[in-house]
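The values are calculated or read from the model by the stated rules, or taken from the named source; none is laboratory data. Just so it is clear, the model here is predicted, and its values are computed rather than measured. For accessibility, only protein heavy atoms count, side chains too; no ligands or nucleic acids. Shrake-Rupley method; radii C 1.70, N 1.55, O 1.52, S 1.80 Å.
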Amino acid sequence: MVIVGKPDAIYIPELGGARRGEGRLRGLRLMHTHLRRAEELSQEDLMDMLFLRLDSLAVLTVDPNGEPGLFQYAHLVPGAAETAEPDDAPPYRTHPAVPWDRADADLDALTQALEDEFAHTGATVAAPAKTSRGESDRAVLVSVSTRPWKQQEASLAELAELARTAGVEVADTMMQRVTKVNPRLIMGKGKLADLEVAALRTGAGLVVFDRELSPAQLRNLADLTERKVLDRTQLILDIFAQHAVSRAGKLQVEMAQLNYTLPRLVGKNRALSRLMGGIGGRGPGETKLEMDRRKVRERITRIKAELKKLRQHRASARNRRERAGVPVAALVGYTNAGKSTLLNTLTGATVLAENKLFATLDPTTRRLRFPEEHECILTDTVGFIRDLPEELKEAFRATLEELETADLLLHVADAGHSELETHLASVEEILDEMHLGEIPRLLVLNKWDQVAEENRAPLLTAYPDAIPTSALTTLGLATLSHHLTQILFGGEAR
């Protein structure tokens, strides 16, 4: 098959026989001319070959009279990890330009030899095939931001923890500090080429960005790479979907996912038109697209109705507790601060507690009895996180409504975390957004046993009203119990 393009672009239609295996090239060879300039292969040409997995790429220069001049070609090679090439070597080889009538490249034999080499070394040409649920995917994590470098590093480290919780193996990371984020592709095409090279070398099938991507940005990135592109919000939603247990939790996660997906439902044009900027988004699929949108809206409406019933049921339970005169203390804090472990230790409960972000999603309520014949209701809630996606704020209203009737908020923080101050500020900001700032709160610096001895005094100086505890070793829990008794039953507030 021969496909002929225009002077400035070529449109490659969907090819049923196009090969998509990890060790296979595309089955397409591109040869083009530079009509207006007598130059050799450009960086843009090479990036198109890389993104499209072309068998080879060739250019024929022409002189002002239209006569052919030089012939040059390039092709992909296995990554440097499988060869003796240096780590920074590009994943392609460019051959010197020669007069067109002296070119003797056997491109058929070259393609076969390359695929044999890819198969022999185990290197991947394409993004790895999708794995079944439960198997670890490999991902390159990307941070592009205007924030200071240290903040980017901390945020990227948190993204790595989110990836681990979601069952994703982090193959590589990439950071770029910019004065202004590229509104179309997040980063420039040159940096995207570096990202593609990193994914090729590590066999990563996922690219996860440490920010929320707009629908247009997701489409544009998907058009440039065959790897699955996710943003931070999608990763968090996936974790929530894995960990939701109760009916309410599953409904809340589903609604958050649908709210995220709705504006991103667009017509999928499967044509390989990445070498030109054609429209190509309209056609027979548009009717089905409108049907999909209508179904999503209808499902969101049904979920909202079910969640309303669940909120009414929980409100009734809260009213019964209020009539019984039992005070309520709610555990709040950054995710993985140890709230569930603290609940288990104080009440003897067996709530799931893991060293992962968002290990607990559904609210858990237990009775806490004090030696002075007092008792209170202790509620564990979902952990907070900085830049909490708007979809989750709305979806988890039913969960966080437990906080509205609390008599005391126990703000649990990981005392040994390097980002302690940022975590505290993020939680306080979310509580203020929920208009919960008037509820008395008590700061609990958990995991105190993991804090170095020389750092303890400065922390207590910075947070003089905090209670240092360790839910695992029970350190400080007697002091915490005493403060709870004073605040809830002694009329004192801190």
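Segment LYS309..VAL296, full-extension length gain: 2.7 nm, with 0.36 nm per residue of separation and the alpha-carbon distance subtracted. With q set to 0.15, 0.19, 0.23, 0.25 Å⁻¹, the log10 of I(q)/I(0) for the range 195-247, from the Debye formula over equal scatterers at the Cα positions, is -0.49, -0.71, -0.90, -0.99. Note on LYS295: accessible area approximately 110 square angstrom, rounded to 10, probe 1.4 Å, nucleic acids and ligands left out. Backbone amide hydrogens, once placed in the peptide plane, bring VAL328 within less than 5 Å of ILE377, ASP407, LEU408, excluding anything fewer than 5 places away on its chain. With kT/(6 pi eta Rh) evaluated at 25 °C and eta = 0.890 mPa s, and Rh the Kirkwood radius from Cα pairs, the range 145-198 diffuses with a coefficient of 197 µm²/s according to Stokes-Einstein. Residue pairs exceeding 25 angstrom between C-alpha atoms, taken from LYS6/LYS191; LYS304/LYS339; LYS250/LYS295; LYS150/LYS250; LYS150/LYS228; LYS150/LYS191: LYS6/LYS191; LYS304/LYS339; LYS150/LYS250; LYS150/LYS228.
Once backbone amide H atoms are built at 1.01 Å from N, ALA166 has no partners under 5 Å, excluding neighbours fewer than 5 places away on the same chain. Along its three principal directions, the equivalent ellipsoid of the range 157-240 from the Cα gyration tensor extends over semi-axes of 19, 15, 13 Å, largest first. I need the shape label for the range 429-489. Rule: rounded when a/c is under 1.5, else prolate if a/b > b/c, else oblate, with a, b, c from the alpha carbon gyration tensor. Because a/c hits 1.5 or more and a/b fails to exceed b/c, the range 429-489 counts as oblate. Each residue was assigned an accessible area with a 1.4 Å probe, and for VAL98 the value is about 50 Å².
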